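Quick notes on the structure that follows.
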Amino acid sequence: MGIKLQSLRIKGFRGFRNIEIDFENSTVLVGTNNSGKTTILKALQLALSNTHFISNDDFFYCDDYIDDTIIIDLLFVPIDEDCVIASQFDENWADVFKAERIGIDSEGNQIMAFRTVINENNKTFRKKQYYIDQWEPFFENSLNWYDHEYSNDLSFYFDEIPFFYLEANRDILEDIKSKSSYLGRILSSLEFTPEAKQTIESLISELNDATIANSDILSDLQNTLEELDTAMDNPNNSVQLTPFTKKVRDLNKGIRINYSEFSMDYHGMGTRSWSSMLVLKSFLNLNQRLFLDNDKPYFPIIAIEEPESHLHPNAQKKLYSQINNIVGQKIVSTHSNYIASNAQLKEIRSISKFNETIKIGKLIVADFDDEQLRQIQRQVVNTRGELYFSRVVVLFEGETEEQALPILISKYFDINYVELGVNFVGVGGYTKYLPFIRFCESFNIEYFIFSDNETDVNTDVLRQISNSKKNDPTKVIFVNAGNDFEKELCDNGYLDEVKKAYHKIELEKCFNNQHKAAKQVELNNIADTDYYGIITGVKTQFAPIIANELLISAKPLPTKITELFDKINEILNPTTTNAN
C-alpha cells in the first residue's frame, strides 16, 4: 500500500481567490497562458518545502477585493496496490505520520491533511502550518472550507515525502556546475569500497603517467613546473601534472556528459533540458533505493513545468511516458497538445480563466461508458489536442464553414482568430458533435455549434445537445430553416458575392484572354436560381474564395454568422473595437 496527494485547496494566492483541485498519480495541467497552471505548482512548493518566495504581489486582489491571507490545504490519502483509495494507512506510513497527524474524512477513512497560512507581519511574511483533524466539505451550510480554523501548530516536513520543482528554464550544463543541483548531489554522493577506490586511483595514476610520458608538451610543462621547488626553497614538495583527476573524491569535478559523441556544450536547449529532467529521474531512483534498503517508504512529489521546452513534436510525444515512469507523484504543467494527448483522459485537469473567475475542469470517467470514452479519445483528443488550450470552440460539419468562419471572424473583431483563442473545428458530419460537446463541457471550454438547418439535421443536433451534461440548446446557432451554409448565402442577400466567387474559380481555369471572354459570356448566362446547385459541387474550391468575397464586401456579415460572433463576443469581452 502507498499514499497519494489527493486534493489541494487554495485561497488568496496570486490569481486564485478560492479553488480546489484533485490529483491522479500523474496529473497534467492544461490551459491558456496566465490561467494559473504555474500558481498551482508554486502553491505546492510553498506548502511542501521550506522555500520562501512570497511578496505582496502574491496575495489575491481584484477591483473590489484584496486578500490579506494565503491559505493552502493539502490532503493525503492511503491507496492500495491498484491505486484505489483505502480506509487506512499501512504500518509504514502510519509510523511516519504518527497518530497525532492522522485524521479522518467524512466517511471515516484515515487521512493526513495540513494547512499552510501566510500573513504579512511588519512588512515580512510569516508562514505557519497546522494539522487538520477532519477534512471539511469545500462549501456546506454557508461555510467555506477556509472558515474552519485549526489550532494544532504542526509543521509539515517528512524526509519520506520530499518535494521537487523542475522549472521550465532547466539546463544540464548549469546542473554540472552546481553542487546543489540534482546532478551535483548525485555526484557528491559517490561511494566506493576501499578496495575499489584503491584500484580506481591506481588506474588513474597510471593513466596520468602514460599521458604525460607520451606527450612532449606535457612532459616539458611538468619539468618546467618543478622549478617551483627551487623558487619556493622547499625541495620536499613536488609538482604533479594530472590531466585526469587524481582522487576518486574529485571525480564529480571533471565529469562531462556527451551525447552522440559530442559534449552537451554543442547540443541545443532541447537536448540539455530533457537531460536535466532525466537526471532528476536518476536522482529519485537513487533515493528510492536508499530508503528501501533502510525499510522506509518513499513518496516524492514532483512538479514539472513545461517539460516540452525546446523539444520538437516527435520528442514531445515520447516525453510523457518517461515522466509517467518517474517514481512518486507527478504534477505537470504544459502547453503541449502532444503531451496532453498522451495522458489518460482522467489525468487531465484544465484551468480556465474568464474575467476574474477560474474553473478547474476534469473528465469524470464514471460518467461515460467505454465506447463514449473511446469516441472522445479518438475523435477529439487524438486529432484535436489543441482544443485543450482554446478559450472558445466553434463546431460545424461543412467544408465551407471550416475555411470561411476563421476568415470572417477577423472582420467582426478586427483580430486574427488565433489571437482570440478561438478554434474552428469541422467534426466530419452532423451526427458527430457529441464527443466534442462532452469534451468541452468536461474541461470548461466554451463552445458553439454553427449548424445547417434541414429537418433531419436540426433534429439530430438537438438530440445530441439533449444527451450532453448541460443540455443547453442556446449553444446551437442554426441557419434559417431548410438551409445549409451555401443556400443561406444565396437566399439572404449574398448572391452577388456567390457569383463573384464562382466566376473567379472558373476564370482561373482559362488559358488566355480570348478563353476568358468566352467563359465570362457563359457565366453571365447562368440563372440566379442555378447557383446554389453549382457551388455545392465545388465546395472545396468555393470555400476560401467566398470567405474572401464576404470579407471585402461592403455589406454586413450574414445575420446568422453575426449571431454566432455576438455570442463569442459575450464570452471573450475583447478590448478591441468591433468592426461589425
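The values are calculated or read from the model by the stated rules, or taken from the named source; none is laboratory data. In this text, all values refer to a predicted model and were calculated from it rather than measured experimentally. With ideal geometry, Cβ positions are generated from the backbone for all residues, glycine too; neighbour counts draw on all protein chains shown.
Here PHE448 meets the list (1) assigned to a helix (DSSP H, G or I); (2) in contact (Cβ under 8 Å) with a residue 12 or more places away in the chain; (3) of a type outside the set (Ser, Thr, Tyr) almost entirely, failing just condition (1). Does ILE409 satisfy being among the β-branched types (Val, Ile, Thr) and part of a helix (DSSP H, G or I)? For ILE409, the condition - among the β-branched types (Val, Ile, Thr) and part of a helix (DSSP H, G or I) - is met. Determine, yes or no, whether ILE72 is at negative phi, touching a residue at least 24 places away in the same chain (Cβ under 8 Å) and not in a strand (DSSP E or B). Answer is no for this residue.
Entry remark, segment 414-428: residues being at pLDDT below 90 and outside any loop (DSSP other than H, G, I, E, B) number 4 in total. Restricting ASP530, ASP484, ASP491 to residues that are under 24 Å from ILE409 (Cβ atoms), in the same structural domain as ASP456 (by TED's automatic domain parsing) and surrounded by fewer than 18 Cβ atoms within 10 Å (Cβ to Cβ) narrows the list to ASP491.
Residue by residue, here is whether (1) in contact with a helix residue (DSSP H, G or I) (Cβ under 7 Å, 6 or more places away or on another chain); (2) closer than 21 Å to ASN458 by Cα holds:
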{"residue": "LEU373", "(1), (2)": "yes, no"}
{"residue": "TYR388", "(1), (2)": "yes, no"}
{"residue": "THR400", "(1), (2)": "yes, yes"}
{"residue": "ILE407", "(1), (2)": "yes, no"}
{"residue": "ASP414", "(1), (2)": "no, no"}
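Within segment 178-189, one or more residues are under 27 Å from SER282 (Cβ atoms), more than 31 Å from the chain's Cα centre (by Cα) and of a type in the set (A, V, I, L, M, F, W, C). The criterion of at least 1 residues that are among the aromatic types (Phe, Trp, Tyr) and over 22 Å from TYR447 (Cβ atoms) is met by none of the strands (runs of 3 or more DSSP E) wholly inside segment 295-380. One residue stands out in segment 1-41 among those that are buried (at least 22 other Cβ atoms within 10 Å of the Cβ) and charged (D, E, K, R): the one that is nearest to the chain's Cα centre (by Cα), namely LYS37.
Anything in segment 451-487 that is part of a helix (DSSP H, G or I), among the aliphatic types (A, V, I, L, M) and closer than 15 Å to PHE396 by Cβ? List them, or say none. Quick ask: steps written out before the conclusion?
Start the filter on segment 451-487 by keeping residues that are part of a helix (DSSP H, G or I), which leaves 455-466, 473-475, 485-487.
Remaining after also requiring among the aliphatic types (A, V, I, L, M): 457, 461-462, 465.
Correct list: VAL457, VAL461, ILE465.
The residues of segment 152-180 that are in a loop (DSSP other than H, G, I, E, B) and in contact with a Phe, Trp or Tyr (Cβ under 7 Å, 6 or more places away or on another chain), listed by number, are ASN152, LEU154, PHE156, GLU160, ILE161. Could you please let me know if ASP22 is assigned by TED's automatic domain parsing to the domain that holds LYS11 and in contact (Cβ under 8 Å) with a residue 12 or more places away in the chain? Yes.
Looking at the structure I just gave you, is LEU319 in the same structural domain as GLN6 (by TED's automatic domain parsing), buried (at least 20 other Cβ atoms within 10 Å of the Cβ) and in contact with an Asp or Glu (Cβ under 7 Å, 6 or more places away or on another chain)? Spell out how you get there, then give the answer.
On the way: in the same structural domain as GLN6 (by TED's automatic domain parsing): yes; buried (at least 20 other Cβ atoms within 10 Å of the Cβ): yes; in contact with an Asp or Glu (Cβ under 7 Å, 6 or more places away or on another chain): yes.
When the stated conditions are applied, LEU319 passes them.
Condition first: of a type in the set (Ser, Thr, Tyr), modelled with pLDDT under 90 and over 30 Å from TYR65 (Cβ atoms). Can you find one or more residues in segment 278-294 that meet it? Yes, segment 278-294 contains a residue that is of a type in the set (Ser, Thr, Tyr), modelled with pLDDT under 90 and over 30 Å from TYR65 (Cβ atoms). Report whether or not PHE436 is in a helix (DSSP H, G or I), under 29 Å from the mean Cα position of the chain (by Cα) and at pLDDT 95 or above. Yes, satisfied. Looking for something surrounded by fewer than 22 Cβ atoms within 10 Å (Cβ to Cβ) and free of Cβ contacts under 8 Å to residues at least 40 places away in the same chain - is there at least one such residue anywhere in segment 386-405? No, every residue in segment 386-405 fails to be surrounded by fewer than 22 Cβ atoms within 10 Å (Cβ to Cβ) and free of Cβ contacts under 8 Å to residues at least 40 places away in the same chain.
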